[in-house]
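What follows is a single structure, written as structure tokens, with notes after it.
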Amino acid sequence: MIGDGWNDEPAAGRPGPAEPPPQGVRRVAVVTGSRADFGLLRPVMLAIHAHPELELAVIAAGAHLIAPAETFRDVKTTFAVADAVPMQIAGKTGRVEDAHALGRGVGRFARAFDRLRPDWVLVLGDRIEAFAAASAASVGGWALAHVHGGDRAEGIADEAMRGAITKLSHLHLAATATSADRLLRMGERPEHVHAVGSPAADGLAAIPPLDDAAFDELGRPTAVLLMHPVGRPVELEEAAAASILEGLAGERILALHPNFDPGREGILRAILAAGVPARTHLPRDRFVGLLRRLADRTGGAPGALVGNSSAALIEGAILRVPAVDIGPRQAGRERGPNAVHAEGERPEAVRAAVARARGLELREGDHPYGDGGAGPRIAALLARTNPHDPALLRKRNAY
């Protein structure tokens, strides 16, 4: 593990104010709120830790701390955790509950930043954990860097929150040239916008496919379902997931549990009713190894990643995994040639989309997400950009 872990036992109490970093070194508080963003942030954290002019302080928040998955443990396996910020309450989901969680998060992040005194706060994406941290940093006067700004993805409130985080942020670390161009059109200053590539591409080449034993343990799936809720009532989410699972009849299915957005209970009920193998969580290396097995064409037809996760359109594009994107959650997101959009959630539409995806001709490197060097580029920008420069901290639209 990198560094000394934070003792999060309740009896130990909160540590006092953090010691300042060595002279000439900038402290970067990296906020991770879920299994999904941690997979992307891990190479950024490693690059920050390795940079001689930066000091890493990891804050685990939100969905990481919710039972039963508690992916907080995955973070602590590699990194010292400088602080933890609980937000959501296990068993309570819904738009109003998310709003309450957001409010709790803003206050707790402000407390964490005040104790850690970072030079930079870094967030990724569009979830409520990132929005809460960005709000606390912007209002509290800490320089804020945002990874994957300028993307489009409808989600539940994702597109609105991503845009709001952009306007709160001071340094923009875009995953693609198109996203960087959107940030400029939003009025962000050109000198503060950088197309660095997606950290999702970092290190993928070094992760091997699952070996036969690990693949067997997951049931040798030909279709992996990763379906997140889109804000509908629980009953509609359940019906949609059941219909998609019917469309995958005849496949060896592995279902991964959805994220903690409103409506997840309906998807979980459909998975349980279908009786298919399911996992609450796969660590990043294991998930990527599984995607590599899905992409493997040596034994005949490849597998398919089915649902509405950004992993199908980012990691899936990089690894050339046939993917079926269903519904509006990823509407507007850039995509490579690996993905087919299903025309609705009807079983016949899902079956047809899976067949089309498996017939795609996929070429190496045919995606917009960079060359796998985003982490070091982000660390270098954090080191050379002055986080205390008034010209950076005073937000002003460039249009």
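More than 28 Å from D126 (Cβ to Cβ) and of a type outside the set (K, R): does that describe L272?
yes
Consider only pairs whose beta carbons are under 8 Å apart and that are at least six residues apart or on different chains; among these, list those whose first residue lies in segment 300-311 and is assigned to a helix (DSSP H, G or I) and whose second residue is surrounded by fewer than 24 Cβ atoms within 10 Å (Cβ to Cβ).
So the pair list comes out as S310/A36; S310/A153; S310/R333; A311/A36; A311/L226; A311/F287.
For the list (1) under 23 Å from R185 (Cα atoms); (2) touching a strand residue (DSSP E or B) at 6+ places or on another chain (Cβ under 8 Å); (3) basic (K, R), I need the number of the one condition that R356 fails.
All conditions pass for R356, except number (1).
Yes/no matrix, rows are residues, columns are (1) in the same structural domain as R351 (by TED's automatic domain parsing); (2) at pLDDT 95 or above; (3) over 22 Å from R346 (Cβ atoms); (4) under 23 Å from the mean Cα position of the chain (by Cα):
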residue: L245; (1), (2), (3), (4): yes, yes, no, no
residue: A270; (1), (2), (3), (4): yes, yes, no, no
residue: A273; (1), (2), (3), (4): yes, yes, no, no
residue: T298; (1), (2), (3), (4): yes, no, yes, no
residue: V306; (1), (2), (3), (4): yes, yes, no, yes
residue: D325; (1), (2), (3), (4): yes, yes, no, yes
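Keeping to segment 233-255, report how many residues are free of Cβ contacts under 8 Å to residues at least 60 places away in the same chain, crowded, with 21+ Cβ neighbours inside 10 Å and aliphatic (A, V, I, L, M).
5
Give all pairs with beta carbons closer than 6 Å in which a residue from segment 342-366 that is aromatic (F, W, Y) meets a residue that is modelled with pLDDT of 90 or more; count only pairs at least 6 apart in sequence or on separate chains.
Matching pairs, first to second residue: none at all.
Take the residues in segment 247-268 that are out of contact with any strand residue (DSSP E or B) (no Cβ under 6 Å at 6 or more places or on another chain) and among the acidic types (D, E), then tell me which one is modelled with the highest pLDDT.
Selected residue: E265.
Of everything in segment 354-383, what is of a type in the set (K, R), in a helix (DSSP H, G or I) and within 26 Å of the chain's Cα centre (by Cα)? Give them in sequence order.
Passing the criteria: R358, R377.
Which one of these does V230 not meet: (1) within 18 Å of A349 (Cβ to Cβ); (2) free of Cβ contacts under 8 Å to residues at least 60 places away in the same chain; (3) part of a loop (DSSP other than H, G, I, E, B)?
(2) is the only condition that V230 fails.
Taking segment 233-253, which residues are of a type outside the set (D, E), under 28 Å from R95 (Cβ atoms) and not in a loop (DSSP other than H, G, I, E, B)?
Across segment 233-253, the qualifying residues are V234, L236, A239, A240, A241, A242, S243, I244, L245.
Go through R293, R279, R346 for me and flag whichever is under 21 Å from the mean Cα position of the chain (by Cα) and among the basic types (K, R).
Only one candidate qualifies: R279.
Examine segment 198-219 for a residue that is part of a loop (DSSP other than H, G, I, E, B), of a type in the set (S, T, N, Q) and within 21 Å of the chain's Cα centre (by Cα), and state whether such a residue exists.
Checked segment 198-219: at least one residue is part of a loop (DSSP other than H, G, I, E, B), of a type in the set (S, T, N, Q) and within 21 Å of the chain's Cα centre (by Cα).
Within the bounds of segment 64-71, is there any residue that is surrounded by fewer than 22 Cβ atoms within 10 Å (Cβ to Cβ), aliphatic (A, V, I, L, M), modelled with pLDDT under 85 and touching a helix residue (DSSP H, G or I) at 6+ places or on another chain (Cβ under 9 Å)?
Yes, segment 64-71 has at least one match.
Name the pairs: first residue in segment 200-217 and closer than 21 Å to R35 by Cα, second residue in a loop (DSSP other than H, G, I, E, B), Cβ to Cβ under 6 Å, at least 6 apart or on different chains?
A200/I314; A201/Y369; A201/G370; A201/G372; D202/G372
One residue is enough: does segment 285-293 have a residue meeting the conditions β-branched (V, I, T), within 20 Å of D212 (Cα to Cα) and free of Cβ contacts under 8 Å to residues at least 60 places away in the same chain?
No - not one qualifying residue is present in segment 285-293.
Of the conditions (1) over 27 Å from P258 (Cα atoms); (2) out of contact with any Lys or Arg (no Cβ under 6 Å at 6 or more places or on another chain); (3) outside the structural domain of W142 (by TED's automatic domain parsing), E334 fails just one. Which one is it?
So the condition that E334 fails would be (1).
The values are calculated or read from the model by the stated rules, or taken from the named source; none is laboratory data. Everything numeric in this text was worked out from a predicted model, so none of it was measured. Ideal geometry is used to build each Cβ from the backbone, glycine not excepted, and the neighbour counts take in all protein chains shown.
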